[in-house]
Structure formats: structure tokens, C-alpha cells
């Protein structure tokens, strides 16, 4: 009631984005450590680079942001009167 669509999208998706960043911050080092441990047991080894982790993190992050964005835009553009009358 008075907020712009952009303000509503930021308000509704801000918590999800924070959780996603925290999951990446905790998951990426764990994935790095476990994969380094696994790869060290092979005779033919490769070095784990940041690019390899980005190949996994980037598409999943973009998919999550697209999903969160479409749902929050859909919720932000809904008419509040219609939502209140159905409850």
C-alpha cells in the first residue's frame, strides 16, 4: 500500500537471497575440501580451480534468482484488494 514494485520485490526476496549467499559461503569451501580429498586418491590428478566451482554455483544461483524473482514480481503485482477479499 504505497510501495513500488521494486521495493516489494526487494522486501520479499531479500531473505531468500541472504540464505542463498550463506549456503554458497558454507557449501563452496566444503565442496572444495571434499573434492580435493577425493581427487588426491587418484593416480591421475587435476587441480581444483575456482572456475570449476563457479561452473556449479553460477547456474544454480541464476536459476534460484530467476525463480525467486518471478514469484516475487507476481506477488508484488497482485492487487491487494483481491488478496484481502479472498481471505
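Just so you know, all these numbers are worked out from the coordinates, no wet-lab data involved. Just so it is clear, the structure is predicted and the values come from calculations on it, not from any experiment. Cβ: placed from backbone, ideal geometry, glycine included. Neighbour counts: every protein chain shown.
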Taking 8 Å as the Cα distance limit and 6 or more residues as the minimum spacing, I'd like the relative contact order of the chain as a percentage.
54 percent
Tell me the label only: which of [x] 3, 14, 25, 25, 18, 10, 5, 1, 0; [y] 3, 15, 27, 30, 18, 7, 1; [z] 3, 11, 16, 16, 12, 11, 9, 7, 6, 4, 3, 2, 1, 0 is P(r) over Cα pairs in 5 Å bins from 0, in percent as calculated from this structure?
[z]
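At a Förster distance of 30 Å, what's the computed FRET efficiency of residue 16 paired with residue 42, Cβ-Cβ distance as r, to 0.05?
0.20
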To the nearest 0.05, the calculated FRET efficiency linking residue 85 and residue 24 through their beta-carbon distance, R0 being 35 Å, is 0.30
